[in-house]
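*Asks:* After the C-alpha cells below, expect a handful of questions from me.
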Amino acid sequence: MNIRILIVDDHSLFRESLGRMLQAEPGFTLVGECKNLTEALAALTSVEADVILLDYDLGIELGTTLLAVLKKHQLHASVLIVTAGMPSEEVFRGFDEGVLGILLKHSSLDQLKAAIRTVAAGERWMGDSSVRALLSTRSGIPGDSQTARPLTSKQSDVMRGILDGLTNKEIAYNLKSSETSVKAVIQELFQKAGVRTRSQLVRIAIEKHSSDWLGKRRNPDTSWPQPSTIDI
C-alpha cells in the first residue's frame, strides 16, 4: 500500500527534514509540504492525500482549524497531529472533531511510520503514553461505564505494548517471552474487552477502561505523567 502524505508545519527546517525522511521510506509518497492552512487547502485542491501530518501550533493559526475545513469540503484524509505540545482541552476537541492520532515531535522515526500506517488504515493511534495518560483523566466519555475485570501483570504489559504500536514479535522480545505466549494473552484481552481486533481493543481500553486498565503500572518509578498540557 502506498500512502500519500501532506505535511503542514510552519517550521521550515522540521518540515523539510521530515519530508526528506519520508520520501526515503518505501510505501510513502510525499505529495506536498505546506507552512500554513491556506497553502494546505490549496494543495488539497490539486493533490490527494491519505494522511495529513499537521502541526498544532502554526504561529498565528491553530492547526486544528483545518479539521472543520476538511469536513466542509468533504476531504477525507486522515489527520495525525505531530506537535511539540498542545493544551489538554485541544487534545479532547481534536479527537472529537476527527483527529486519528497525536504524536509528539520527539518521537522516533519508527513510531512516526507506525502512526502513519495506523491512521491511514482509519484507526486511532495512541502510541504516546502522555496522550494516553491525559485521555484517561477525561470524564464523561460516552459508552459503557462498567468496570472490566482487572488485568493481570502480563496482560497489562502486553496491553501497553499494543498501545505503543508494537508488533507481537516486538512485545515478546521486550517481555522476554514467546510470540505464542503473547498471542494467547492478546486473546485473553479480547475476551475481557468483548472485541475481536487490536484496534477495537485499543478503543475500548482508552474510552471505557482507562482508569482500571491504564491507571497504574507495576513499577511506581515509571508511572505515567498526568499532564494538563502535553509537551516535550
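The values are calculated or read from the model by the stated rules, or taken from the named source; none is laboratory data. From a predicted model like this one, the values you see are computed outputs, not experimental measurements. Here the Cβ is made from the backbone with ideal geometry for all residues, glycine too, and neighbour counts use every protein chain on show. Please note that ligands, DNA and RNA were not included when accessible areas were found on the heavy atoms of the full protein model with its side chains. Shrake-Rupley method; radii C 1.70, N 1.55, O 1.52, S 1.80 Å.
*Asks:* Which condition from (1) within 22 Å of the chain's Cα centre (by Cα); (2) more than 21 Å from Met1 (Cβ to Cβ) is the one that Asp50 breaks?
*Replies:* The number of the failed condition is (2).
*Asks:* Here is a follow-up. For Val119, all conditions in the list (1) at pLDDT below 80; (2) open to solvent by less than 40 Å² (accessible area, probe 1.4 Å) hold save one; what is the number of the exception?
*Replies:* Just one mismatch for Val119, condition (1).
*Asks:* Step by step: first the residues of the stretch 14-23, then only those that are surrounded by fewer than 15 Cβ atoms within 10 Å (Cβ to Cβ) and modelled with pLDDT of 90 or more, then the one that is nearest to the chain's Cα centre (by Cα). Which residue is that? Can you show your working first?
*Replies:* From the stretch 14-23, those surrounded by fewer than 15 Cβ atoms within 10 Å (Cβ to Cβ) are 16-17, 20-21, 23; that's our starting set.
Within this subset, residues satisfying the condition of being modelled with pLDDT of 90 or more are 16-17, 20-21.
On the way: Glu16: 22, Ser17: 21, Arg20: 22, Met21: 19 Å.
The residue in question is Met21.
*Asks:* State which residue is farthest from the chain's Cα centre (by Cα) when the search covers only the stretch 153-194 and only residues that are farther than 24 Å from Ser108 by Cβ, open to solvent by 70 Å² or more (accessible area, probe 1.4 Å) and of a type in the set (S, T, N, Q).
*Replies:* By that ranking, first place goes to Thr180.
*Asks:* When residues of the stretch 32-75 are filtered for being among the charged types (D, E, K, R), over 18 Å from Ser12 (Cα atoms) and either surrounded by 13 or more Cβ atoms within 10 Å (Cβ to Cβ) or touching a Cys at 6+ places or on another chain (Cβ under 9 Å) (or both), how many remain?
*Replies:* Narrowing the stretch 32-75 to residues among the charged types (D, E, K, R): 33, 35, 39, 48, 50, 55, 57, 61, 71-72.
Within this subset, residues satisfying the condition of being over 18 Å from Ser12 (Cα atoms) are 48, 50, 71-72.
Next cut, either surrounded by 13 or more Cβ atoms within 10 Å (Cβ to Cβ) or touching a Cys at 6+ places or on another chain (Cβ under 9 Å) (or both) only: 50.
Residues flagged as among the charged types (D, E, K, R), over 18 Å from Ser12 (Cα atoms) and either surrounded by 13 or more Cβ atoms within 10 Å (Cβ to Cβ) or touching a Cys at 6+ places or on another chain (Cβ under 9 Å) (or both) within the stretch 32-75 amount to 1.
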